Each structure stands twice: as structure tokens, then as C-alpha cells.
Amino acid sequence: AYRAVLTSRGAALLEMELKGFSLEPGEPAGPGNRVPILRKGVPKGSRALTLIARPEDFGADPAHQVWQAARDADGRGVTFTLETPRGWTITKRVTLPDPGGYDLGVELSFRAPPDSSADSVRYTLVGPAGPYIADSYRGIIGAEPPAGGFVERRGGEFEQRDITKLQDEALRHGYADELRRGQLRAVFARGAYFVCALVTEERADAAGRPAGTVVEAELRAIDLDRPVERPDGESSRESMRGALLCELPLSTGGATELYRLYAGPNALDALRPLQIEETVNFGFFGIIGRFLMWLMKALEGLVGSYGVAIMLMTVIVRACLLPVSYRTQLGMQRYTKKLQKIKPQLEELEKRYACLLY
């Protein structure tokens, strides 16, 4: 589904290209014109999957350290390991998705030194950083600018802010409160057609109540190291970065946390398994748009062609609107008949007062 480049500097994601999508409309995707879902040029320490921590906790900030990297034996992932100056062992394993998927698995593990008295570990994990957002600048009338935000669980909030407003003020939500713990599902950044999101694992405490490790979520605008040419011919350094500040409880000196990093199209079928389909923007008439999308997908699955599915959907929609159209036509016919009855009087008035009318 994509080509991903990882770097041992910070154990981060350097870039990612979607193999099935082309930058040139109507042309097949290939080397040189694939969609760069995560672009190069993100400053060091802010790249996707970067782990940031206070140097006083580990003796050094993991974001700027060179990790040891090893490919997994099954070929489906890469494991990064960092031995910190204060005796901590941090492991980050990045795994490939199932065939056709767009979500990387991310497993973070911490092992404290034997003499440590810490009962938890605090860190920041960077999610979407430098996502491909230039597709929102194609000059479409009424098209929204790139945006990002947070998706919450259990009927929580869905909030997003476009990149122009993020340049004035970052978007932040706190989740340290007991009632908010475990509420955050994902932080995301999207353009018109693609989205990148860091999705958290749903957890529960010993009593079975919702719990989570996220203390604060942040989304802010960033500048890339090099300008990027947009489809409208302009160049820009603008992009976004989302990150999660987490506090992970330690059990017998160690702990593990799981995440998913989705980087792919704004497709409901791909987003629904992660429960982040809210990131697809259907506009003001979202309920109608979602129904029509579902109907078109169902018809395409039935006939095997989007062209035929669109024609069938048009027939179905017209059939549903037939009563309204019929009543409208009856009204027009009644109006025409009434107009015919008074037509002689109107013509007489036009002749009598022609000098006033013209």
C-alpha cells in the first residue's frame, strides 16, 4: 500500500508514500508522482512516531538519540531499542498493516533500571507530522482548507481547526481529569482526500472502568525545512503536527502501550475499523452525504461498476423525489391554467397603458 522510510535518529518515520495514488490526475502512480502522505522536511525531533521525554528522567531526550534498529524475523516490522544513560531500556516496534491496510502498528515498551522507584513514565509521542495537505488548495470554490483535531470515544467531542487558525493558536485538550481519562481516541490532520491519525488503544482499569494514558493532546501548525509546491502553483512550508502527552503506569518495573498510525485516503471503509470515520468531512449535509455514500458503495458491490452504480443511484434518488416532483408539476399546471384565464385581461391592460409600461 505504501513505501515507508524509518530513521534510527529518534526512531521516527522519515517519509511515507502511497503507492496507489498519483499526484497527477488521470495518470497511474509510480516513482516520482506518488502521494507523499508524510513528507520529508519535518524538523528533527518533530517527525512522526518520535518519542519525546525530559532529559532529567532518562538522562537524554530519546527524540535526538540514535536507536539500535533491527528488522523483525518475520519481515513485518522493525524494532528500535534505546539504552538511556540512566539505565532505562525503551523499545519501539513498528509493524506493517494487513494487506491493503493503511495503519502501522506501534508498540512502546519501557523497562526501568533495577534501582528505580518510579511508578509511572511520562512521554510525548508525535503522531501526524508533515502530512500531505496540498490537495486542499486545488482552487475548488468553497473547498475547506487543511484541518486537524481530536476524535473522542463514548459520545465525546469531535473538534477540528483549520490550519489558518492553528497558526495563531495551537489546539489543546486535557485528559488528566478522572472523568476524561481514556476519552481520547485519536489526533488527526487531514487534507481534502487524505488523513493521518495517531489512534490510541482503548483501555480499562482493574474495576473495568474506562482508562487511558493520554494526559494532553496537542495539534499545532509547523513549518517544513523546505518549501513544497502546491497544485495551484504556489509554494508553501505550512503543515501540521499532532502529539500526545502520556503517563504510563509501570508494573514490576516495565510497561507497554499500543498505538495505530493511520496514513491513507479519506475512505470510510478504511477508517471505520479504527472508529475514526468522523475525520471525513461531508459538509453541512453530512447525514445525507453519508447515506448516499453508503448507497453507492452497496450498489457498486452489487453490480461491480461505479459508473453503473451512479446511474442506478440517480434512478433511485429520482424515484424517491418523484412525489415531490409530481406535486410541483401539478402546481405549475394550475398556475398556467389560471394565467391563461386572465390572459385576455392582461393583453387589454397592456394596450390601454402601453405608454406607461414602455
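The values are calculated or read from the model by the stated rules, or taken from the named source; none is laboratory data. Keep in mind the model is a prediction, meaning the values are calculated, not measured. We place every Cβ from the backbone using ideal geometry, glycine too, and count neighbours over all the protein chains shown. Only protein heavy atoms, including side chains, enter the accessible area calculation; ligands, DNA and RNA are left aside. Shrake-Rupley method; radii C 1.70, N 1.55, O 1.52, S 1.80 Å.
Listing for the model above:
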| item | result |
| --- | --- |
| In segment 88-97, residue most open to solvent (accessible area, probe 1.4 Å) [restricted to those that are under 30 Å from the mean Cα position of the chain (by Cα) and not basic (Lys, Arg)] | 96 |
| When residues of segment 268-300 are limited to those that are open to solvent by 90 Å² or more (accessible area, probe 1.4 Å) and at pLDDT 80 or above, the one farthest from residue 201 (Cα to Cα) | 269 |
| When residues of segment 186-218 are limited to those that are open to solvent by less than 10 Å² (accessible area, probe 1.4 Å) and in contact with an Asp or Glu (Cβ under 7 Å, 6 or more places away or on another chain), the one farthest from residue 154 (Cα to Cα) | 191 |
| Restricting segment 301-314 to residues that are on the phi < 0 side of the Ramachandran plot and exposed (fewer than 10 other Cβ atoms within 10 Å of the Cβ), the residue that is farthest from the chain's Cα centre (by Cα) | 307 |
| Listing of strands (runs of 3 or more DSSP E) fully contained in segment 1-97 that carry 2 or more residues being in contact with a Ser or Thr (Cβ under 9 Å, 6 or more places away or on another chain), of a type in the set (A, V, I, L, M, F, W, C) and in contact (Cβ under 8 Å) with a residue 40 or more places away in the chain | 12-22, 77-83 |
| Residue in segment 118-127 that is surrounded by 19 or more Cβ atoms within 10 Å (Cβ to Cβ) and not in a strand (DSSP E or B) present | no |
| Residue that is nearest to the chain's Cα centre (by Cα), among those in segment 56-87 that are under 15 Å from residue 118 (Cα atoms) and open to solvent by 20 Å² or more (accessible area, probe 1.4 Å) | 57 |
| Pair list, Cβ < 9 Å and 6+ apart or interchain, from segment 152-167 residues that are free of Cβ contacts under 8 Å to residues at least 40 places away in the same chain and closer than 15 Å to residue 199 by Cβ to residues that are among the hydrophobic types (A, V, I, L, M, F, W, C) and open to solvent by 30 Å² or more (accessible area, probe 1.4 Å) | 152/158 |
| Residue 32 being out of contact with any His (no Cβ under 8 Å at 6 or more places or on another chain), open to solvent by 20 Å² or more (accessible area, probe 1.4 Å) and more than 23 Å from residue 133 (Cβ to Cβ) | no |
